[in-house]
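To keep things clear, I will list the structure first and then write my remarks on it.
The values are calculated or read from the model by the stated rules, or taken from the named source; none is laboratory data. In this text the structure is predicted, and so the values were computed from the model without any measurement. Every residue, glycine as well, gets a Cβ built from its backbone with ideal geometry; the counts of neighbours run over all protein chains shown. When the accessible area is computed, the model is the full protein with side chains, heavy atoms only, and any ligands, DNA or RNA have been set aside. Shrake-Rupley method; radii C 1.70, N 1.55, O 1.52, S 1.80 Å.
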Amino acid sequence: MAAETLPYRNARLPLEQRVRDLLGRMTLEEKIDQLHQCGAGDTNPNNLPLLAEQFRPTYGSFILNGAQPDLALRNALQRKCVEESRLGIPAIFGADVIHGYRTIFPIPLAQACSWNPELVRQACAAAAEEARAQGVDWTFAPMVDIAVDARWGRIAETFGESPCAASIYCEAAVRGYQGLEAGTSPALAACLKHFAGYGNSEGGRDYSYTDISPQRLWEMHLPPFAAGVKAGARTVMSAYNDLNGVPASANRHLLTEILRNRWGFEGLVVSDWNAVRQLINQGFAADEAEAAEKAINAGVDLDMADGLYRKHLGALMQQTRVSPGTIDAAVQRILRVKFDLGLFEHPFCPPASGEDLPPRGDFLKLAEEFAAQSMVLLKNRGDILPVAGSVCRLAMIGPLGDEKAALLGAWSQQGRAHEVVSLLEGVREKLPAGVQLRAAQGCAIDGGGRDGFAEAVALARDSDLVLLCLGESAQMSGENASRSTLRLPGLQQELALAVAATGTPVVLLVVSGRPVELAAVEPGMAAILAVWQPGTRGGAAVADLLLGRRNPSGRLSVTWPRTTGQIPIYHNMRPRARVSPNGEYQDFGTTPLYEFGHGLSYTRFAYSPIRLRRPTVSPDETLQAEVTVTNTGRRDGTETVLWFIRDPAAGITRPLKELTHFESAAIAAGASRVFQFEINPARDLSFPDGDGRRILEPGEILLFAGPESARFNVAL
Ligand code: NOJ
C-alpha cells in the first residue's frame, strides 16, 4: 500500500481506527521514542541548532519555551519527524502559555479577582491564537492548584484559594485554550496541572513534601481537576510533590485509580519536567530504571525532559517489569492527541504567521480590560479615590512606578518588557491637563540603600497626593521563587513609613505576585490598590481606576494575611473548639488584613435579605435563592455576589463558610438587580468523604450572600 493510502493517514476514518492502525505498525523502539518529550526550556538559544541535530525524528514531543519564537526551528524539527522517520509521525510542540503569549494578561491569581470566567476564556483563546501562530500545539495550562500558602512562589499562577472558583475558572480556561466555542481561534491542547496537591507544599517551599489528608485532598485539591476533565481537557501533568509518601508522578492511586478509573479521563498524562528522575531525589526509586518503572506503571504516559523512558523502558519490558500493554496504552494516548489536533494533516505552521508582529489591538484592549477588572481596591479612606479635581501636584514614588518587566510577572513567554505600559506612563498619559506629575524611585525593589529617601520625602512634602508604588519583581514569584516572608522586599516598608510621615495623603499601589505584609504600613495609607502583576496594559488600567474613568470591581480570590505567621489562613477554615478570643494569636489575632472576597468600589451596594422559594429542599429537587442588590451610590458599578454555605453540624466537620456560587453583574447608579442561585443539593450542599464519595445529610444549612466573606464570621 502506498504510504499516503495507509489507514492512519486517512482523515476520514474514525480516530480510534487510525490510532490502532498506526500503533500496529510501530516497532518497540518507535513506541518508546513517542513517550519522550525533548526539552529546550533550559537551553541557551545558541545551543538550539545542536539540539535540533540530536533530536530524533521518532521523538514524541518537544518543548518550545524560550525567549524568542523560533518557528523555523520548530518547522525544521517537524520536517525531520514527518519526512525522515519511517512512519512520519509528527511531534507535538508544547509550551508554558500561562497568562498570555505575546500579549500578557494579568497573572491567574489576579484574573481570579475579576470573578469573570468569560474574560478568562477570552484571554486563553487569544493566547492560544498567538501561540498557535508561532507553532505551539499544546499549552501546559491551566494550572489549577489551590493557593494554600502565599510564601509559595507559584501562588501567582493559581486561581486562588477557593476550589469552587478554581473549578469554574478551570473550565473557562480549557474552553478558551482548546477553542471549543464555535468559530473561535485555533485550538491548543490544554493541560491540567499539577496533579495533585502541589499547592500544599510544606512551608511554601517549592517541590516539597505535601501532607494532605484524603479528606482535604477530595474537598480542596481535586475539584478543579475533576472540573477540567469534565470540560474536556486533553492532557494532565503529574506534579512534583511527594503526596503523603508517594510522589505524585508515581502515584497510581491519583493517576490511574482516580483520574482514569473514576473520572474516566482518556487523555494524555505528561510528567512535570524531570519529575521521573526526581523520584530518586525523593527517595522513592533507587535508580533511573526503577524511577521509569514506577512512573509508567503509575500512569505517566509521556516523560518530560529527563529521558529515562527512552533509556530504560526497553530493558524494563524485557525484564517484565513493564508490560507491553502499558506501553501501548501510553503510546495510543499521545497519538490520539496528535490526531485530534490535526497534526497529521497540518504538521507545519505557516512561516508567514510566525512574523514577530506586535500584539494585536483587540488583544491589547482585552488585556487592559482584564487588568482593570482584576485589580482590587483594598482601602479607600474618606473616598480619597478617585483622584480629586483639586489635586494639582501628584507624586509617583517607589521602585515599581517606572517598572515594566515587573508588571509582566512569571512565565511571560514572548511578552516584551518594552511594550508594557508602566504605572508612570499610564498615569502620565491619562492625567488631565494642568496636573503636574513628578516621580522619585526612593529605593530599589530589593537591597540597595537609603540614598533616594530624601528626594522621595521632599517630593512627597511638595505634593498634594502621593502614588506610592511598591511590591515585587517578576522573579519573586513563579516557579522556584518562594519567599520565607511576605514582607515587602528591601527597604520598601521603611520608604512607605517615611513617605507617610510627611502627612501628604498616600495611595499605595501594590505590584506583586502574592499578598504581601502591609499591617505596618496600612494605617498610614489613605488608599490601597492591589495591582498584582497586570501584564502588558497594566499601567493604562491603573490610570483609569485611579482617575475614576473606571470603577474598581475586583475582589480578592485569596485571603490577605496581616503577617506571614498567620499562614495558613483561608476563608474555608474549620471552626475551633473554643470560640473567640480563645485560640487567637496574642499579637496579631486570627483575622486577616483583608478577607477573601474583599474589594471596594467607588459606589455602594445594598443587599436585600435572601429570599428562598421554600425553607426546605429534598435531594431530588432544586431550590432557588435570590437576593436583590441595589446600587445606592452615584456611579455605575459592577457587583459580585458571592454565595457561601455553612453546614453547622455534620458527620464530617465542615468549614465555617465555603464559597459555593458566584455571579458578577453591572448595576447602574440607582438601579437594582436580582441575583439568583439555583441550589442543587447533590452538587451544592453535599460534601465528600475521604474516599471522594459525596454525602448529603439531612439537616440545617446556612446560606449567605454578599460581597465578601468577613460578614459571615460567626463568633467561633
Ligand atoms: C516545570 C513546571 O513545574 C511546569 O509547570 C512547567 O509546565 C514545566 N516545567 C515545563 O516548562
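Among 609-615, 597-603, 535-541, what's the highest-first ranking by average C-beta atoms within 10 angstrom per residue?
Final packing ranking: 535-541, 597-603, 609-615.
Rounded to the nearest 5, what is the percent of antiparallel bridges among the DSSP beta bridges in the chain?
Expressed as a percentage, antiparallel bridges in the chain total about 50.
List the trypsin sites (Lys or Arg not before Pro) within the range 306-350 that DSSP assigns to loop and that have no more than 12 neighbouring Cβ atoms inside 10 Å.
Sites meeting the loop and neighbour criteria: none at all.
If a/c stays under 1.5 just call it rounded; otherwise compare a/b with b/c (prolate if a/b is bigger, oblate if not). Do that for the range 361-565, with a ≥ b ≥ c from the square roots of the Cα gyration tensor eigenvalues.
Rounded shape, in that the Cα axes give a/c under 1.5.
Carbon-plus-sulfur fraction of the accessible area of the chain, 1.4 Å probe, in percent?
C and S atoms contribute 50 percent here.
Name the chymotrypsin sites (Phe, Trp or Tyr not before Pro) in the range 332-435 that are in a loop by DSSP and that have at most 11 other C-beta atoms within 10 Å, would you?
Taking the range 332-435 and a limit of 11 other Cβ atoms within 10 Å, no loop chymotrypsin sites (Phe, Trp or Tyr not before Pro) are found.
Could you pull out every residue, at least 5 positions away or on a different chain, whose amide H is within less than 5 Å of the one on residue 212? Hs are placed 1.01 Å off N in the peptide plane, and Pro or chain starts have none.
HN-HN under 5 Å from residue 212: 244.
Provide, as a two-decimal number, the C-alpha radius of gyration of the range 335-383 over 2.2 N^0.38 Å, N being how many residues it has.
So the Cα radius of gyration is 2.12 times the expected 2.2 N^0.38 Å.
Largest first, please: the extent of the C-alpha atoms of the range 483-572 along each principal axis, to the nearest Å.
Taking the Cα atoms of the range 483-572, the three principal extents are 38, 36, 22 Å.
At each listed q (0.17, 0.22 Å⁻¹), what is the log10 of I(q)/I(0) that the Debye formula gives for the range 605-714 modelled as equal alpha-carbon point scatterers?
So the normalised log intensities are -0.83, -1.21.
On a C-alpha basis, how far is the centre of the range 543-574 from the centre of the range 203-230 in Å? Whole number, if you could?
22 Å
Considering only protein heavy atoms, what per residue accessible area in square angstrom results for the chain with a 1.4 angstrom probe?
Accessible area per residue, the chain: 37 Å².
Please state the shape class of the range 388-454: rounded when a/c is under 1.5, otherwise prolate if a/b exceeds b/c and oblate if not, all from the C-alpha gyration tensor.
Oblate shape, in that a/c is at least 1.5 and b/c is the bigger or equal ratio.
Tabulate in residue order the Karplus-calculated ³J(HN,Hα) for the range 372-379, using 6.51 cos²θ - 1.76 cosθ + 1.60 with θ = phi - 60°, rounded to whole Hz; enter x for Gly and Pro.
Per residue, the Karplus-derived 3J(HN,Hα) values read 5, 6, 9, 7, 10, 7, 8, 8 Hz.
Applying a 10 Å radius around every beta-carbon, put 217-229, 20-32, 388-400 in order of their mean neighbour count, most first.
Ranked by mean Cβ neighbours within 10 Å, highest first: 217-229, 388-400, 20-32.
Which whole-Hz couplings ³J(HN,Hα) result when phi for each residue of the range 124-138 is put into the Karplus expression 6.51 cos²θ - 1.76 cosθ + 1.60, θ = phi - 60°, listed in order with x for Gly and Pro?
Per residue, the Karplus-derived 3J(HN,Hα) values read 5, 5, 5, 4, 4, 5, 5, 5, 4, 5, 9, x, 7, 9, 8 Hz.
Excluding residues on the same chain fewer than 8 positions from residue 31, give the aspartates and glutamates whose Cα lies under 14 Å from its Cα.
Partners found: 21, 301, 303, 328.
Enumerate the amide H contacts of residue 594 below 5 Å, restricted to partners 5 or more residues apart or on another chain; note that Pro and chain-start residues carry no placed amide H.
Here 560 satisfy the definition.
With +1 on each Lys and Arg Cβ and -1 on each Asp and Glu Cβ, how big is the dipole of the chain about its Cα centre, in debye rounded to the nearest 20?
Result for the chain is approximately 960 debye, rounded to the nearest 20.
Need the C-alpha centroid separation for the range 587-614 versus the range 321-363, integer Å.
Rounded to whole Å, the Cα centres lie 45 Å apart.
What's the ranking of 459-467, 111-119 by average number of surrounding C-beta atoms within 10 Å, highest first?
Result, highest mean Cβ count within 10 Å first: 111-119, 459-467.
Step through the residues of the range 21-36 one at a time and calculate ³J(HN,Hα) from phi using the Karplus curve (6.51 cos²θ - 1.76 cosθ + 1.60, θ = phi - 60°), rounding each to whole Hz and writing x for Gly and Pro.
4, 5, 4, x, 9, 8, 7, 4, 4, 5, 5, 5, 4, 5, 8, 10
Suppose we look only past 39 Å in the calculated P(r) of the chain. What percent of the Cα-Cα pairs does that tail hold?
Result for the distance tail: 36 percent.
Report, by chain and number, residues whose modeled amide H sits under 5 Å from the one on residue 661, excluding near sequence neighbours (fewer than 5 apart, same chain).
Excluding prolines and chain starts, which carry no amide H, the hits are 643.
Please report the spacing between the Cα centers of the range 498-514 and the range 622-688 in Å, no decimals.
The two parts, judged by their Cα centres, are 33 Å apart.
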